[in-house]
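The values are calculated or read from the model by the stated rules, or taken from the named source; none is laboratory data. For clarity, every value in this text was computed on a predicted model and none was experimentally measured. Using ideal geometry, Cβ is built from the backbone for each residue, glycine included, and neighbour counts are taken over all protein chains shown. The protein model used for the area step is the full one, side chains on, heavy atoms only, and it has no ligands, DNA or RNA in it. Shrake-Rupley method; radii C 1.70, N 1.55, O 1.52, S 1.80 Å.
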Amino acid sequence: MHDMPDKKVLVQMPAGLNPNFVKLHSRFPTSAYLRARAPHNVPRFAFEYGDTGAGADVGIAHNWAAFDAIKVVPRYGAITTVPPIDVELFGTRYAAPIGIAPMGGPSLVWPGADLLMAKAAQRARIPYTLGVAGGATIEDVAKVAPDVFWLQLYRFYQNDHAIGFDLIKRATAAGVKVLALTIDVPVRTTRSRESYAGLGREFRPTPRMIYEMIIRPKWLLALLRNGYPRFATIRPYAGARASTNETIRFARENMGGVFSWEEVARYRERWKGPMLVKGILHPADAEKAVSLGIEGVWVSNHGGRQIEALAPTIDVLPAIVAAVGKKATIVLDSGIRSGQDVMRALALGANAAFAGKSFLWAVGALGDAGPGHLIDLYIDELRSSLGQIGARSLAEARLATIRHPGAIAF
Ligand SMILES: Cc1cc2nc3c(=O)[nH]c(=O)nc-3n(C[C@H](O)[C@H](O)[C@H](O)COP(=O)(O)O)c2cc1C
């Protein structure tokens with residue numbers, strides 16, 4: 001599907017991309033190659049945690065199939081070069097309409113992964129979203145990714161949201177650019193591969209898991225360099241010396257459920273910067289968020305990790321764009337595996353597309369160099385896809401004729 005980019009395209013690539021791109025491309029020409037390599041370096045339980053969906057992964061399969069089903073009819077003759085892809089999102093200019101989605105526990109997949117992804121995003125000038133349940137603190141990410149730093153929050157509701165509002169204070173002090181409130185985890189669901197690999201509600205390595213770690217020396221080295229996976233941003237609330245399991249227990253007692261619209265309005269009032277609600281699939285919810293002064297709608301089904309039956313995001317996107325596209329910035333994730341997928345999302349009206357799992361595959365396959373290589377791949381593929389469909393700008397992607405069999409009418 002993705003040929004080696006020709007030299008002319010490479011010469012036109014924006015400055016700052018990895019000089020080793022051609023070499024890495026010959027080993028990992030698409031995200032699928034990174035996914036195939038990652039289990040060789042990552043203990044099985046950790047790979048399963050990062051890669052699994054809910055149930056039997058049918059939701060992930062639906063997300064991927066929905067992108068694959070979208071066919072674009074190009075027009076030719078208008079352009080001779082690939083278009084620029086830099087984009088303004090919430091008042092900041094980024095190098096590409098591509099971002100890293102928030103994740104809890106990336107450093108379980110690869111110790112130190114949160115900061116590796118943040119650094120790569122800063123180098124490439126694309127948005128990086130720290131998950132509040134991630135393995136780096138807000139303050140540490142601010143040091144390495146000051147220009148591209150977005151933060152995601154879950155609902156810490158105890159003591160009238162004391163922790164949630166403290167996180168907003170910390171985010172403001174750290175210079176976070178954009179805040180996202182996740183609303184699509186109303187209940188706890190199960191992921192069978194994760195459970196089968198030995199990961200329960202707390203982190204208690206079984207003898208098999210310890211064996212899996214010992215036989216993965218690159219991962220062990222990352223563990224030695226970066227320490228045991230922790231919920232770094234949440235940990236101080238659980239106690240300065242709280243262990244990982246104490247922090248997990250604390251989070252379970254203090255966090256959960258979805259933000260009600262009244263709560264979204266309260267967070268809106270406290271956070272002075274631009275804000276997104278993440279996990280929206282219904283145009284009426286998008287309209288509700290926008291009516292509360294929320295600038296961004298993050299269309300997501302959590303990458304197929306909640307339940308399998310949720311609609312693919314790309315299939316609800318056109319209706320959401322029709323409802324709020326003129327009033328809000330629309331970010332989409334769940335199923336992005338290539339720059340072509342990003343192009344499909346832009347053609348159907350998204351302002352940017354973000355990816356989660358594929359960045360974990362990248363860091364698992366290539367360690368430090370992984371996230372940067374995946375960004376380069378996505379950028380290179382997006383540029384060639386836009387060029388191929390005759391778009392002279394990101395906006396012109398929307399002019400393409402598109403067959404979208406899965407589009408859901410509301
Ligand atoms: C390991 C993992 C952990 C995640 N944790 C969170 C989280 O803490 N908060 C959140 O809003 N989304 C979380 N997500 C969902 C991502 O933000 C994103 O919506 C999803 O990964 C996008 O789909 P994709 O993986 O197909 O790219 C997580 C995803 C993964 C893979």
The correct count of residues that are open to solvent by 10 Å² or more (accessible area, probe 1.4 Å) and under 20 Å from Ile248 (Cβ atoms) in the range 162-188 is 7
Out of (1) loosely packed, with under 13 Cβ neighbours inside 10 Å; (2) farther than 29 Å from Ile294 by Cα, the one Arg252 does not meet is (2)
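Each row is one residue, and each column tells you yes or no for (1) among the hydrophobic types (A, V, I, L, M, F, W, C); (2) at pLDDT 95 or above.
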{"position": "Tyr154", "(1), (2)": "no, yes"}
{"position": "Val187", "(1), (2)": "yes, no"}
{"position": "Gly198", "(1), (2)": "no, no"}
{"position": "Glu212", "(1), (2)": "no, yes"}
{"position": "Gly227", "(1), (2)": "no, no"}
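Among the residues of the range 143-161, which ones are open to solvent by less than 30 Å² (accessible area, probe 1.4 Å), among the aromatic types (Phe, Trp, Tyr) and closer than 28 Å to Leu310 by Cβ?
Trp150, Phe156
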Does Gly364 qualify as being outside any helix (DSSP H, G or I) and either touching a helix residue (DSSP H, G or I) at 6+ places or on another chain (Cβ under 9 Å) or within 16 Å of the ligand (Cβ to nearest atom) (or both)?
-> no
Filter the range 333-361 for residues that are among the polar types (S, T, N, Q) and near the ligand (Cβ under 10 Å from one of its atoms); which is surrounded by the most Cβ atoms within 10 Å (Cβ to Cβ)?
-> Ser334
Somewhere in the range 288-295, is a residue surrounded by 22 or more Cβ atoms within 10 Å (Cβ to Cβ) and either at pLDDT below 95 or within 14 Å of the ligand (Cβ to nearest atom) (or both)?
-> no
With respect to Glu48, is the statement that it is in contact with a Phe, Trp or Tyr (Cβ under 9 Å, 6 or more places away or on another chain), part of a strand (DSSP E or B) and at pLDDT 95 or above true?
-> no
Starting from residues that are of a type in the set (A, V, I, L, M, F, W, C) and open to solvent by 10 Å² or more (accessible area, probe 1.4 Å), keep the ones in the range 90-109 and report whichever is farthest from the ligand (Cβ to nearest atom).
-> Ala95
Considering only the range 48-58, state which residues are closer than 16 Å to Gly135 by Cβ and either open to solvent by less than 30 Å² (accessible area, probe 1.4 Å) or away from the ligand (no atom under 11 Å from the Cβ) (or both).
-> Gly50
Pick out the one residue from Ala311, Ala319 that is within 16 Å of the ligand (Cβ to nearest atom), farther than 30 Å from Asn41 by Cα, surrounded by fewer than 22 Cβ atoms within 10 Å (Cβ to Cβ) and not polar (S, T, N, Q).
-> Ala311
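Does the range 276-305 hold any residues that are part of a loop (DSSP other than H, G, I, E, B) and over 15 Å from the mean Cα position of the chain (by Cα), and which are they?
Leu281, His282, Leu292, Gly293, Ile294, Glu295
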Read through the list (1) surrounded by 24 or more Cβ atoms within 10 Å (Cβ to Cβ); (2) outside any helix (DSSP H, G or I), then give the number of the only condition that Leu386 fails.
-> (2)
Pick from the range 169-187, criterion touching a strand residue (DSSP E or B) at 6+ places or on another chain (Cβ under 7 Å) and of a type in the set (Val, Ile, Thr), ranking: farthest from Val331 (Cα to Cα) | Val176
By my count, helices (runs of 4 or more DSSP H) wholly in the range 110-209 with at least 1 residues that are without any contact (Cβ under 8 Å) to a residue 12 or more places away in the chain and either within 13 Å of the ligand (Cβ to nearest atom) or not basic (Lys, Arg) (or both) are 158-174, 192-196
Test: Arg337 is of a type in the set (Lys, Arg), in a helix (DSSP H, G or I), in contact (Cβ under 8 Å) with a residue 12 or more places away in the chain and out of contact with any Asp or Glu (no Cβ under 9 Å at 6 or more places or on another chain) | no
Could you check, for the range 222-235, whether at least one of its residues is assigned to a helix (DSSP H, G or I), of a type in the set (Phe, Trp, Tyr) and either open to solvent by 60 Å² or more (accessible area, probe 1.4 Å) or over 28 Å from Ile138 (Cβ atoms) (or both)?
-> no
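Is it the case, given these coordinates, that Ala365 is surrounded by fewer than 24 Cβ atoms within 10 Å (Cβ to Cβ) and more than 15 Å from Met103 (Cβ to Cβ)? Don't jump to the end; show me each part of the working.
On the way: surrounded by fewer than 24 Cβ atoms within 10 Å (Cβ to Cβ): no; more than 15 Å from Met103 (Cβ to Cβ): yes.
No; evaluated as a whole, the condition is false for this residue.
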